[in-house]
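These notes concern the structure reproduced below.
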Amino acid sequence: MAAIEIKNLRKEFNHGLKAVDGIDLEVKKGEIFGLLGPNGAGKTTTIRMLATMTMPTSGIAKVCGIDVMSDPDSVRRCIGIVFQDPALDDQLTGRENLDFHARMYGIPRGEREKRIDDVLELVELKERADDLAEKYSGGMKRRLEIARGLIHRPKVLFLDEPTLGLDAQTRRVIWEHIKKLNKRYGITIILTTHYMEEADSLCGRVAIVDHGKILAVDKPSKLKESLGGDVITLKVNDSRKTADLARELKGANRIKVHDGSVSISMANAGSAIPGLLRKAEGLGINVESVDLHKPTLEDVFIHYTGKTIREHEASSSDMAKRIMRARMR
Ligand SMILES: Nc1ncnc2c1ncn2[C@@H]1O[C@H](COP(=O)(O)OP(=O)(O)OP(=O)(O)O)[C@@H](O)[C@H]1O
Ligand SMILES: [Mg+2]
């Protein structure tokens, strides 16, 4: 039995916005699975439907083999969730936060203490357990939230942006904790992220999500291989002319124009660069910079969506500004 089964799942909001637009997905038990996409892609909405916090408009979603619409109570018993927005009580200690949650789940008194100690140990917060949560650093708060999501021993844990806003080093510490609990307890983990490195180093498989649709699903290594070789990125003054030139290159597998740059995927990319630059010069193209690298998930993302994740987010914040301006008028 799969941990998650989704068939043609949709969520439309009142104003007709298709937040999740017909997705199909199967996640096996014990996987760490990532939904990778920009702001507004529909990641949180997908997780909320799986966690029975919002009703799908149509389609089927099963968690641990249980339908989220017909038996939400049973689904809730088998899942844990850590929200995108922090949801701790700062005026309680770490231990009290966990105890409150354990009581909500009706875990008997004798059992509570042991479970709280177990999860505190897992996220290495035992020494700070009796400090107020307001005294915790961002990374410690996140770890406490993960501990809280584990108190009732869920089979599936949803982590919505588990490292949002944390510095790179703290992010790595959280990744280690996530890997540890996946390995030690075999918990299936579904996480959302818009950090490429997070999806790459943490997730066994990744779905690239944009505008409510899943554009590709595979292991990070397979997604990168599918681009067909290393990537040359040229920052130029004329991306159209450069793309035309790239199309004439022998062995060029994929050519993408984005943000004033042209990315070309090809085998033996390094040896193609000198010839490419000579031709560009001959055509009067001004090449500002050349970059050669092994394909990353960012390249995969550009391939499927035509933009970097930052460009997506810049345009969605532009849109938000336009809406604000229109409202103020
Ligand atoms: N309760 C709601 N009512 C109306 N629209 C909503 C609601 N929740 C989400 N949306 C819209 O649905 C779309 C998807 O939102 P969602 O929060 O799922 O995106 P996300 O991928 O989690 O983004 P982020 O990376 O910013 O967290 C967005 O356009 C959002 O504005
Ligand atoms: Mg979200």
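Quick notes
- Only one of the numbered conditions (1) within 30 Å of Thr44 (Cα to Cα); (2) surrounded by fewer than 17 Cβ atoms within 10 Å (Cβ to Cβ); (3) touching a Pro at 6+ places or on another chain (Cβ under 9 Å) is violated by Gly228, and that is (1).
- Tally of residues being of a type in the set (Phe, Trp, Tyr) and in contact (Cβ under 8 Å) with a residue 12 or more places away in the chain across segment 1-45: 1
- Count of segment 1-18 residues which are over 19 Å from Leu159 (Cα atoms) and in a strand (DSSP E or B): 7
- Residue match in segment 205-220 (condition: more than 16 Å from ligand 2 (Cβ to nearest atom), modelled with pLDDT under 95 and acidic (Asp, Glu)): no
- Any chance Ala326 is over 26 Å from the mean Cα position of the chain (by Cα), surrounded by 16 or more Cβ atoms within 10 Å (Cβ to Cβ) and modelled with pLDDT under 95: no
- Arg48 being within 16 Å of ligand 2 (Cβ to nearest atom) and without any contact (Cβ under 8 Å) to a residue 60 or more places away in the chain: yes
- Residues satisfying the criterion are present in segment 68-83 (criterion: crowded, with 20+ Cβ neighbours inside 10 Å and either among the acidic types (Asp, Glu) or within 16 Å of ligand 2 (Cβ to nearest atom) (or both)).
- Any hit, segment 29-44, residues being under 24 Å from Leu150 (Cβ atoms), within 12 Å of ligand 1 (Cβ to nearest atom) and in a strand (DSSP E or B): yes
- Residue match in segment 88-96 (condition: surrounded by 22 or more Cβ atoms within 10 Å (Cβ to Cβ), of a type outside the set (Gly, Ala, Ser), in the same structural domain as Ala216 (by TED's automatic domain parsing) and touching an Asp or Glu at 6+ places or on another chain (Cβ under 8 Å)): no
- Some residue of segment 84-91 being under 29 Å from Lys141 (Cα atoms), assigned to a strand (DSSP E or B) and either within 16 Å of ligand 2 (Cβ to nearest atom) or out of contact with any helix residue (DSSP H, G or I) (no Cβ under 6 Å at 6 or more places or on another chain) (or both): no
- Conditions (1) under 19 Å from Phe100 (Cβ atoms); (2) in a loop (DSSP other than H, G, I, E, B): number failed by Gly165: (1)
- Residue count for segment 17-69, restricted to those that are over 25 Å from Lys307 (Cβ atoms) and not small (Gly, Ala, Ser): 23
The values are calculated or read from the model by the stated rules, or taken from the named source; none is laboratory data. Please read all numbers here as calculations on a predicted model, not as lab measurements. Note: ideal-geometry Cβ built from the backbone for every residue, glycine included; neighbour counts use all protein chains shown.
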